[in-house]
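Here's the structure, in structure tokens; my notes come after.
The values are calculated or read from the model by the stated rules, or taken from the named source; none is laboratory data. All figures in this text were calculated on a predicted structure; none of them were measured in a lab. We place every Cβ from the backbone using ideal geometry, glycine too, and count neighbours over all the protein chains shown.
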Amino acid sequence: MRTDNLKTPTVALGTWAWGDSGETGNGYFGSHLTQAGLEEAADKAHAAGFTLWDTALVYGMGRSETVLGEVLKRYARSGYQLSTKFNPRIARTSDDPVADMLQQSLANLGTDYIDLYWIHNPADVPRWTPHLIPLLKSGKVKHVGVSNHNLSEIKLADQILGEAGFRVEAVQNHYSLLYRSSEQAGILDYCRNQGIPFFAYMVLEQGALTGRYSPENPLPEGSSRAEIYNGMLAQLKALTDKLASIGLSQGAAAPDVATAWAMAKGTTPIVGVTKPHHVDGLARASSITLTSDDIAELEALADAANVNTRGFWEQEM
Ligand SMILES: NC(=O)c1ccc[n+]([C@@H]2O[C@H](COP(=O)([O-])OP(=O)(O)OC[C@H]3O[C@@H](n4cnc5c(N)ncnc54)[C@H](OP(=O)(O)O)[C@@H]3O)[C@@H](O)[C@H]2O)c1
């Protein structure tokens, strides 16, 4: 049934924080983003060849998709790829909540197809996975993946899709130096063995691993990410200092090294860019070489920080 394979980039662009932009938004990041700033970031990304944009209907409850759709109007639709998600947790009763939610995403994004459509979380895999099949057949969705699923849920979704001639083409989970549950649970190995791209989200832990934020310069007051991370920043200093020192030796910065670490582990990081200069970091990350000693030292410092960054929406893997 499948016509072409999913083309996996070295890095994808995340836009959860874009749901904060403008007058509304959910204030999760406390970011102050402008249309002009995001257009500049997008122009830089496209010039550098980063063209896979990840969003979700629930990011700012449609706001991230709408802002992204507006920004991407300046490019030909064939020049970028859109990744967005069906969320079982907000599904209402209708004949087909998945098709309905896809329709909303298409309208928000101003397009008639999604390159990569995800089930955002594993609430009732046997119930929701089959709904992807008619969407794939119709061409409104080109490829499908599952997010926040554990190994047995990934296998079950793959089996359900397999019976119709399709498959799980990508997995998207939280994976960072501070949060390696997908590796520990064997999901990275499974994906590698099956040839399934693993997309790592929150490799920068929403800014906490960039070295920009510290107890003296915390994440924006009143934001959800501040509540989660501000109390950990002191414990993260040894790790972010090490990221910075490895970066210094290669003309790069701490967040570039955190991103390069995820690439070195065989994943495709989805990085939440909010400023044009973040795109320069992605280009640098792609050319950083990390030795096995670097990786071991970073992981040891991450373990020593002894923090738990599991998102409230995530399950144990
Ligand atoms: N499937 C899921 O359940 C799920 C869950 C979470 C995320 N995601 C996806 O993964 C993406 C990434 O996660 P995220 O956005 O939550 O967090 P993230 O990528 O870990 O961190 C993003 C934050 O880091 C800062 N930043 C980004 N690039 C930087 C750079 N080069 N240098 C310095 N700072 C940089 C920005 O903060 P400032 O604005 O403060 O500078 C930005 O808001 C999301 O946007 C979303 O697409 C998926």
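Just one of the listed residues (Asp189, Asp241) is over 27 Å from Ser31 (Cβ atoms), touching a helix residue (DSSP H, G or I) at 6+ places or on another chain (Cβ under 9 Å), modelled with pLDDT of 95 or more and more than 10 Å from the ligand (Cβ to nearest atom), namely Asp189.
Conditions tested, residue by residue: (1) within 28 Å of Ala260 (Cα to Cα); (2) within 16 Å of the ligand (Cβ to nearest atom).
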{"residue": "Gln35", "(1), (2)": "no, yes"}
{"residue": "Lys44", "(1), (2)": "yes, yes"}
{"residue": "Glu70", "(1), (2)": "no, no"}
{"residue": "Arg74", "(1), (2)": "no, no"}
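What number of residues in the range 254-297 are surrounded by fewer than 17 Cβ atoms within 10 Å (Cβ to Cβ) and near the ligand (Cβ under 8 Å from one of its atoms)? Summing the residues that are surrounded by fewer than 17 Cβ atoms within 10 Å (Cβ to Cβ) and near the ligand (Cβ under 8 Å from one of its atoms) in the range 254-297 gives 3.
Considering only the range 252-290, state which residues are in a loop (DSSP other than H, G, I, E, B) and closer than 17 Å to Leu239 by Cβ. Hits for the range 252-290 are Ala252, Ala253, Lys265, Ile288, Leu290. Against the condition among the hydroxyl-bearing types (Ser, Thr, Tyr) and near the ligand (Cβ under 10 Å from one of its atoms), how does Tyr80 come out, does it pass? Answer is no for this residue.
Quick check on the range 7-46: of everything there that is more than 27 Å from Ser78 (Cβ to Cβ) and of a type outside the set (Gly, Ala, Ser), which residue is modelled with the lowest pLDDT? My answer is Thr24. On inspection, Ala56 passes the criterion of being in contact with a Lys or Arg (Cβ under 8 Å, 6 or more places away or on another chain), within 12 Å of the ligand (Cβ to nearest atom) and modelled with pLDDT of 95 or more.
Among the candidates Glu221, Glu216, which residue alone is surrounded by fewer than 20 Cβ atoms within 10 Å (Cβ to Cβ), in contact (Cβ under 8 Å) with a residue 12 or more places away in the chain and out of contact with any Pro (no Cβ under 7 Å at 6 or more places or on another chain)? Before you say what the answer is, go through the steps one by one.
On the way: Glu216 fails: in contact (Cβ under 8 Å) with a residue 12 or more places away in the chain.
Exactly one residue qualifies, and that residue is Glu221.
Among the residues of the range 270-317, write down those that are farther than 24 Å from Leu116 by Cα and of a type in the set (Asp, Glu). If the condition is that a residue be farther than 24 Å from Leu116 by Cα and of a type in the set (Asp, Glu), then Asp280, Asp293, Asp294, Glu297, Glu299, Asp303, Glu316 are the ones that fit.
Within the range 119-145, the set of residues being within 22 Å of Thr8 (Cβ to Cβ), under 21 Å from the mean Cα position of the chain (by Cα) and of a type in the set (Gly, Ala, Ser) comprises Gly145 only.
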